[in-house]
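Readers should treat all values here as calculations from the given coordinates under stated rules, not as data from a laboratory. Not measured: the values here are computed from a predicted model. Every residue, glycine among them, receives a Cβ derived from its backbone with ideal geometry; neighbour counts consider all protein chains shown.
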Amino acid sequence: MANQKTAGTVSVIDTATGAVVKTIAVGSQPSAVAINPATGLAYVTNRGSGTVSVIDTATNAVVGSAIRVGSSPQDAAVAQSATITRIYVVNNASNNVSAIDARNGNRVSTISLGLGNSAPTSVAVSADGTRAYVTHRTSTGGGRVSVINTATPGLVGYAMADRASAIQLWEPAYTTLISKKPEIRTIDLKIAESWKKFTGSSSIPYLGVAAHVAWTEKNKHLIPKLFAAYKEAAEWVAANPEAASKLILPKGTPDDHKAIAGLIRHNDRLGMNVRWASDLRKEINSVYAAGKSIAFLPADPSPTTIYEGGK
């Protein structure tokens, strides 16, 4: 492909013959093309209109509407990591970079480069897709390079990109990570064993629903209904692991869904067990005791933190 800057078009060239086989209208002053090898989509930066046009190279046709980015987009690069594919667009006049999600064409973020009056000119990505390198031309004639962390937010994203020496994960994040990166080294902290020794119970109340006391007093009739809704939802998840996995990870891969479905079926790590707080009084008080033992809690929380109306 070749850009026709003044004409606002992209020419498709047959590399065997050198002949132009198609001319495609895009935005004003097209300047660069980046191609996603996984999908065959070409992303064309349009300096004059501040947009990116998307071309399907299988049909040589523009797909959808142009994507609005920054001012004077000059270059683009495709970053393919283990978790996501994004297109990074260098906006020369606005001194920033736009990130586009390759799955849906949405601009998901604008990254400020923070180098004063420097003008970013081009971008390249690392082979593993976890870093983007942006070159700048400064007002004094010098040059700079900015490095962008392309890892998706969250602990799983950082682990996938090797941006942390170690992380601690709960389910279902742990199973998601192992599905995506099975070779990663894991350390079993044996929390279940430690908890059993500390409390004499195998139930760990690690997640709950909270409300202000004033609200609970005013809406006592609603609380059993809320409990029933949560319990019914948990039972549905347990009975429908495949369907539930797609709700838990709507953007996951088939392998991700398979791993989450297996997690739901066994439930030993997920620990999905909806119960009234008052049924777990001993365990909750043990959590408070553990918090006090490490000076995380200065004193026991109020007894009203354990709801009594569920019986």
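Annotations for the structure displayed:
- The stretch 2-154 has equivalent-ellipsoid semi-axes of 25, 19, 14 Å, by the square roots of 5 times the alpha carbon gyration tensor eigenvalues, sorted largest first.
- Total charge dipole magnitude, the chain, about the Cα centre, Cβ charges on Lys, Arg, Asp, Glu only, Debye to nearest 20: 400
- Taking only the C-alpha atoms of the stretch 195-305, Rg followed by Dmax gives 17.1, 47 Å.
- Ranked 278, 53, 286, criterion: other C-beta atoms within 10 Å, fewest first: 278, 286, 53
- Spatial separation of Cα centroids for the stretch 185-262 and the stretch 94-113, in angstrom: 34
- Between the residues 164, 213, 186, the greatest Cα displacement towards the positive end of the dipole of the chain, with unit charges on the Cβ of Lys, Arg, Asp and Glu, is found for 213.
- With Cα atoms as the point set, the radius of gyration and Dmax of the stretch 1-60 evaluate to 11.0, 33 Å.
- Distance cut-off 31 Å, percentage of C-alpha pairs in the chain lying past it: 52
- Set of lysines with alpha-carbon distance to residue 22 below 26 Å, sequence-local pairs under 8 removed: 5
- For the stretch 157-206, chymotrypsin sites (Phe, Trp or Tyr not before Pro) are listed when DSSP marks them as loop and at most 12 other Cβ atoms sit within 10 Å of their Cβ; the list is 206.
- Per-residue ellipticity at 222 nm computed for the chain from its helices equals -7500 deg cm²/dmol, with DSSP H segments shorter than 4 residues left out and the rest contributing -39,500 (n - 2.57).
- P(r) tail fraction, the stretch 107-223 - alpha-carbon pairs more than 17 Å apart, %: 73
- Pairs beyond 19 Å (Cα-Cα), from 190/246; 196/282; 190/251; 190/231; 231/282: 190/246; 190/251; 190/231; 231/282
- For 187, 204, 100, the sequence from fewest to most other C-beta atoms within 10 Å is 187, 204, 100.
- When only the Cβ of Lys, Arg, Asp and Glu is charged (+1, +1, -1, -1), the dipole of the stretch 195-305 relative to its Cα centre reaches about 160 debye.
- You can think of it this way: the chain between residue 272 and residue 39 has 80.1 nm of extra reach, that is 0.36 nm per residue less the Cα-Cα gap.
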